[in-house]
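Working notes for the structure below.
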Amino acid sequence: MLLLLRQGKISKWFSGIGQEAIAVGATLALRPDEWIVPLHRNLGVFTTRGMPLHRLFRQWQGSREGYSKGRERSFHFGSRDHYICGMISHLGPQLAVADGLALAAKLRRESRVALAFTGEGGTSEGDFHEALNVAAVWDLPVIFLIENNGYGLSTPASEQFRCISLVDRAKGYGMEGVQIDGNNILVIHDTVQGVRDYCLRHQKPYLIECMTFRMRGHEEASGTKYVPQDMFRLWEQKDPVKNYERWLIESGLLREMDVAAIRNEFRDLIESELQAGFAGALPEPDAEEELQDVYAPVQRSSSARVIGEEREVDAEPGNEKRFIDAIREGLLESMRQHSNLVLMGQDIAEYGGVFKITEGFLEEFGKERIRNTPLCESAILGAALGLSLEGFKSMVEMQFADFVTMGFNQIVNNLAKIHYRWNQPADVVIRMPTGAGVGAGPFHSQSNEAWFAHTPGLKVVYPATPFDAKGLLISAFNDPNPVLYFEHKALYRSVSGRVPPGIYEVPIGSAARIRSGDQLAIITYGAGVHWAEDYAAEHPEISIEILDLRTLLPLDYMSIRESVARTGRVLILHEDTLTGGIGAEVSAWISEHCFELLDAPVMRCASLDTPVPFSLELEANFLARARLAETIERLVTY
Ligand SMILES: Cc1ncc(C[n+]2csc(CCOP(=O)(O)OP(=O)(O)O)c2C)c(N)n1
Ligand SMILES: [Mg+2]
């Protein structure tokens, strides 16, 4: 590998030289259908699970015939067939994915553990804490394995943490742990085997700290100048491969003369696999395929009715329901429809959630499917991804949309990218109680949908009516992709409307024309829909069309175009702040594609570019609604 790297025949490479015993020993100690969540230094996991070398070489060359169609580098890929979960570069977030994988096994009463690797540097991340804490609280059979090689890139352990041994941290989580020699494959194998038995028997996690050393640089280009030379001499003596070989010979299990033969056998294998690897095709860029693979294909459920247009809504029977009750009904129907759906969130079980949406769910569905979570947004989102890899659906409720920042990385890097990277679904719905107008201040009122609408791989829906709230939630659960479901808190109890009984879908990606007009189109969503309707009702002299986007990613460009064509004047209205909001995207698209249909510049009416203030007077002034009349006047008279 070092030679190939120098010859420029493979890309970036993280050597595990000096640490081989850990990845190999741990993998051998598990059953082949137990998930492993490796990191960048764990080649031994991939080879021990029997991945053909020629395909690995193709992966590292960026070949189409690797494991990621040339989309991922080095070890950042996984394979469902090998029960190997592909890492993201951020290290720590992977630990919680193992929580979800172990939870899946636990829920199915299967006797399987999940094993996750981390370096000692990675243990400084908050995600390490969250993952261990969740595994402990939920009694999950996860083996957390630290490879303590003394350095995180160039930073020595002494500048990384103050505890004497990382394994001491296990106690803090109410978990058992052990520190072992990471350079002895037999010690590692036997320890992991014993720990595995423990995890299965007691249904508990376990922490293993393997003491080892990295004989090369973090990656080849960065060198090892920062490492004292005598460290190399010391650890050279403990080389895991040479020592194992010596032990085999001394024990009479291997003859000296066989060593060369075995080495030659491997050399030949590697040479021929290398030739086969280099014959792999490089990707031929095809923009359509690239875009297509960002999302898992949606299989429309045959039982669900699809009701797209608002006029059809009027034809549907149904009782008047509040917005919040429609959400509850959508959740309830989905829980009954999908026996593999698990709900997770803070205070959602006995307490019923802070907005009481899941009140009574615990009684019907039980504690396994209605899961109170610790305050660990990131780990819970990571666990949701682990559940998805094992065929579960899940919902993660953010107590307030504002708190999603604590799990932001999992959403935009792990959930959003996994299908494109290695073809796995992230079948997760994230509920986002959002919005202002309730005097809740800067951290309980934000509109943060634009953060996500910018991220390929996510879907973002934002209903404004009870009908859409239920139908979009059901669609979100039927969709195997990560869907952010924004529900405006101020609409919960202030808006009512007809909601059909049973299962029905409002398609993701389709806007609704909720009022026709020819003088001016207001393109909006969420609370903006109600502001626009109120304005239109108060101004019958202006012929106003209202388009409710309902989905922000992907946008319904056809409907947007139709509204522009009919009116020639467009106002984009949203509660989110102005700069970089959805309005900017819609406006840019209209200017680029509908310029000749416009009679006036596209105008935006949004909230002030400030945090959301607490006092009701300041908040009213902050909100876009305060400038709606004036903006419409400017547009109509332009
Ligand atoms: C969140 C994040 N911060 C920084 C980095 C850059 N980085 C990659 S590996 C690494 C050091 C990791 O050290 P350790 O966890 O000890 O693993 P080792 O490389 O020693 O096996 C750093 C800083 C990263 N990938 N992700
Ligand atoms: Mg390290």
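A few comments on the model shown:
- Separation of alpha-carbon centers, segment 212-285 and segment 567-628, rounded to whole Å: 60
- 5 angstrom amide H check on I523, placed H, neighbours 5+ away: L547, L571, I572, L573
- Prolate/oblate/rounded label for segment 361-412 (Cα gyration tensor, a/c 1.5): oblate
- Cα gyration tensor category, rounded, prolate or oblate, for segment 14-59 with a/c compared to 1.5: oblate
- Calculated translational diffusion coefficient of segment 338-492 (25 °C, 0.890 mPa s; Stokes-Einstein with Kirkwood radius over alpha-carbon pairs) equals 158 µm²/s.
- Local electrostatic count, E449, Cβ distance below 10 Å [Lys/Arg +1, Asp/Glu -1]: -2
- 11 Å beta-carbon shell around G62, net charge (K/R +1, D/E -1): +4
- Surface share of carbon and sulfur [accessible, 1.4 angstrom probe, percent] for the chain: 53
- Approximating the spin labels as points 7 Å out from Cα along Cα→Cβ, the D534-to-S111 distance works out to 6.3 nm.
- Mean projected area (nm²) of the alpha-carbon convex hull when segment 85-181 is viewed from all directions: 6.4
- Descending by average beta-carbon neighbour count within 10 Å, the peptides 195-207, 386-398, 535-547 line up as 386-398, 195-207, 535-547, the highest first.
- Amide H contacts for H488 (H built 1.01 Å from N in the peptide plane; partners 5 or more residues away or on another chain; cut-off under 5 Å): T434.
- Cα centroid separation - segment 1-53 against segment 147-193, whole Å: 19
- Scalar couplings 3J(HN,Hα) for segment 113-119, obtained by applying the Karplus form with A = 6.51, B = -1.76, C = 1.60 to θ = phi - 60°, are 9, 10, 10, 10, 9, 8, x Hz; x denotes Gly and Pro.
- Cα pair distances exceeding 23 angstrom across segment 489-638, given as percent: 35
- FRET efficiency estimate (nearest 0.05) - Cβ-Cβ, S11 to I270, R0 22 angstrom: 0.75
- For q = 0.05, 0.07 Å⁻¹, Debye-computed log10 I/I(0) when each Cα of the chain counts as one equal scatterer: -0.27, -0.52
- Heavy-atom accessible area order for L472, L608, largest first, 1.4 Å probe: L608, L472
- Averaged per residue, the chain has 40 square angstrom of accessible surface, using a 1.4 angstrom probe with ligands and nucleic acids left out.
- Protection-proxy order for peptides 550-563, 254-267, each taking the mean of Cβ atoms within 10 Å per residue, highest first: 550-563, 254-267
- Total formal charge among the other residues, if their Cβ is under 13 angstrom from that of G223, Lys/Arg +1 and Asp/Glu -1: +1
- Residue-wise HN-Hα couplings along segment 200-212, as the Karplus relation 6.51 cos²θ - 1.76 cosθ + 1.60 with θ = phi - 60° gives them from phi, are 6, 5, 9, 6, 8, x, 8, 10, 10, 10, 9, 7, 8 Hz; Gly and Pro carry x.
- Calculated on the alpha-carbon coordinates, the convex hull of segment 549-588 measures out at 76 cubic angstrom per residue.
- Judged by the ratio a/c of the largest to the smallest principal axis of the C-alpha gyration tensor, segment 546-631 counts as prolate, that ratio being 1.5 or greater while a/b is larger than b/c.
- The length gained by stretching the chain between Q203 and V306 to full extension, at 0.36 nm per residue less their Cα-Cα distance, is 32.8 nm.
- Working from label points 7 Å from Cα in the Cα-to-Cβ sense, the V178 to T637 distance is 8.1 nm.
- Rounded to whole Hz, the Karplus (6.51, -1.76, 1.60) HN-Hα couplings of segment 472-477, x for glycine and proline: 6, 5, 5, 4, 4, 6
- Cα centroid separation - segment 119-136 against segment 344-374, whole Å: 25
The values are calculated or read from the model by the stated rules, or taken from the named source; none is laboratory data. Model, not experiment: these values are computed from the prediction. Every residue, glycine among them, receives a Cβ derived from its backbone with ideal geometry; neighbour counts consider all protein chains shown. Accessible surface is based on the protein model in full, side chains and every heavy atom, while ligands, DNA and RNA are left aside. Shrake-Rupley method; radii C 1.70, N 1.55, O 1.52, S 1.80 Å.
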